[in-house]
Structures are given as structure tokens and as C-alpha cells.
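S.K.: Have a look at this one.
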């Protein structure tokens, strides 16, 4: 008869050893995170890009300009900037407000920001036309992703990743919120809304929503819905007052409603290649007709309408460490055109309803 193997005993000494080892690993992880962030900041802040002005941007009366996140390597990297729509390649004005994603209309700005450190913190900030903060909401661990403001500046929406980091992977989770800037009423998540599909209630447990775009009545909106386990995406029309969503169409991501309210620009999945999955497309809401835009590169962005005939979007720059802004005609004609180097998250500045 053989003796049974001895069960290891967790002595006080071993517990102390484990605790010390865990603390060292944690410290190494935190140290590496801080080092990587510091290294990336040094890289992006070095370059010939414009420096932030001493005074912050003032968007009051800035109709005809484009607001965006500056991604030119240099001291202004990550800060908000503006250029005239008529001369987007000219000198840019760089302010002192940092945002990961931004959108603005009628004197209201939504800014999704991240404070980097051992544990990054994320916030949504509502700013006025002088970029003075009116409200701040803690996003927790949610990484900023999409943002929109209604044309009259009253409604704000944002989407954050709550896990994962890519739409292409179909393993992400999102949370989308809507804020009435005027009343302060916050809708924390669209997942509490009732969804109708083909005349029936449709409430898959793994439904996710992202990419809100508002109509002119401040009650109707459009967004993407995806039951993640199915791999499908749907365009939904929302009724904010009724907390109701209606499925309209399959294979629509990141909708963006045209200023005249008749068309939606969106990402359409056209293949299974994760390096080139999408094609920018415009949907006519009245006829259901889809028009592929001249841009054949895969665009992972929620396009912005500069006017009723032109959409703008971001694409990685050649060196892949920054992004450029491009435009394409909304009717499928013509060809893509470079709007400006070193930019992300464009927003045409308006004074009121378009």
C-alpha cells in the first residue's frame, strides 16, 4: 500500500511569498501601462503640428467651419481644432480642450475624453460654444467610441465600448446613452427600450446599440442594433418619449442622417475579410434605395454630413499612427477627396436647425 500524496500546505510564509509576487506583477503591469502611455504621448506630441493657442477655441458664430480632433503629430495632438470649410488645408486653430471623440451643433458640444494612467478614466462632457463645461458624466470603464448632437443642440448621445475594442470582432459590448441637454434628463441605455421587429416584440438578451443620429424633432432617432450572437446588424428607428425601437433594415451600422432628413449614410458589411469589411453607403429612407459611395476603402467611422451632398469620414493615415479626413459625394458619383491631414471626428459647425 502506497502513501497518498501530500497536499501542499499554505503556510504563512508561502502566503507572504504569493502576496509579494502578486504585488510585483501588479506593479510591473501598472509600470508598463504608465510607461507605454508616456511613450505614446511623447511620440504623438513630437512633430511639426500646430501648438495649442494660449486662449481656448470660441465657436460662437463659427458657422462655415469644421470642428475636429487634431491628430497631427505635434504639441496640439488630441486637442480640438477648427478650419474654415472653404479652406480646410489652411492653418488650423488648435484649442486647449482634449477629446477622444467630438460632435457639435448650435452651440452645444459633446466631448468624450480619457484621462490616461495606470487605470484610464473616461468621461463625457457637455460644453457650450466657448467650450466651457456645462455637465460631466463618468463613463466608468467604457472606452469612448461614438458621439452625436441634434441639429438644434438640444439632444446629445454617446456610445462606449464596455468590453472588446473592435466592431469587426463581433465580441464587443456597447452602451449607448442619450441626454436632453435642456432638461438634464438622461437615458442611461437603449437596452431598456422595447424593440419591435416584423410586428413582434424582439428582445434578444445580447442586444447592443451604437451610433445614434437624431432627426429634427428631438424625439425620433436612428441607431444600430445587433444581437451579438447572431452577427447581424439592424437599422432601428427610435421613439425617445415612448422608449420604443423599430427594426427597419438589416446590415446597417453607424447611421448618420442627412441635414434634410431624407437619407442615411452608413457602413454596410460587404465581406468577411476583417481588414476590409465595410463600404460607405447611403440609404434613401423614402424609397429604400441604397447607393454605394465612391470610397472603396473600408471606413470604420460614423460619417458626418458636411451638407446635403457631401459626407466626411476618417481613415488611417499612411503611417498608421494618425488619421486623415476625407469626403465623398453622397450620390455615389465622383471620387474621394482629402479634406485635411491629421484629423478625426469631424463636425460641421451650425447655428441652428439645418
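S.K.: Would you mind listing the strands (runs of 3 or more DSSP E) fully within the stretch 280-330 where at least 1 residues are buried (at least 18 other Cβ atoms within 10 Å of the Cβ) and touching a residue at least 40 places away in the same chain (Cβ under 8 Å)?
M.R.: In the stretch 280-330, 304-307, 310-316, 323-329 are the strands (runs of 3 or more DSSP E) which contain 1 or more residues that are buried (at least 18 other Cβ atoms within 10 Å of the Cβ) and touching a residue at least 40 places away in the same chain (Cβ under 8 Å).
S.K.: Quick one: in the stretch 84-120, which of the residues that are part of a strand (DSSP E or B) and more than 21 Å from the chain's Cα centre (by Cα) is nearest to residue 58 (Cα to Cα)?
M.R.: Here the answer is 93.
Conditions tested, residue by residue: (1) assigned to a strand (DSSP E or B); (2) over 18 Å from residue 302 (Cα atoms); (3) at pLDDT below 95; (4) in contact with a strand residue (DSSP E or B) (Cβ under 8 Å, 6 or more places away or on another chain).
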| residue | (1), (2), (3), (4) |
| --- | --- |
| 145 | yes, no, yes, yes |
| 148 | yes, no, no, yes |
| 153 | no, yes, no, yes |
| 157 | yes, no, no, yes |
| 161 | yes, no, yes, yes |
| 168 | no, no, yes, no |
| 177 | yes, no, no, yes |
| 183 | no, yes, no, no |
| 191 | no, yes, no, yes |
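S.K.: For the stretch 258-296, which positions are at pLDDT 95 or above and more than 20 Å from residue 336 (Cα to Cα)?
M.R.: 259, 260, 261, 262, 284, 285, 286, 287, 288, 289 - these are the residues of the stretch 258-296 that are at pLDDT 95 or above and more than 20 Å from residue 336 (Cα to Cα).
S.K.: To continue, here is another question. Take the residues in the stretch 121-138 that are assigned to a loop (DSSP other than H, G, I, E, B) and without any contact (Cβ under 8 Å) to a residue 40 or more places away in the chain, then tell me which one is farthest from residue 62 (Cα to Cα).
M.R.: For the stretch 121-138, the residue satisfying everything is 132.
S.K.: For the stretch 210-231, enumerate the residues that are part of a loop (DSSP other than H, G, I, E, B) and at pLDDT 95 or above.
M.R.: 215, 216, 217, 218, 219
The values are calculated or read from the model by the stated rules, or taken from the named source; none is laboratory data. This one's a predicted model, so the numbers in the text were calculated from it and none came from an experiment. Note that we place each Cβ from the backbone using ideal geometry, even for glycine, and neighbour counts take in every protein chain shown.
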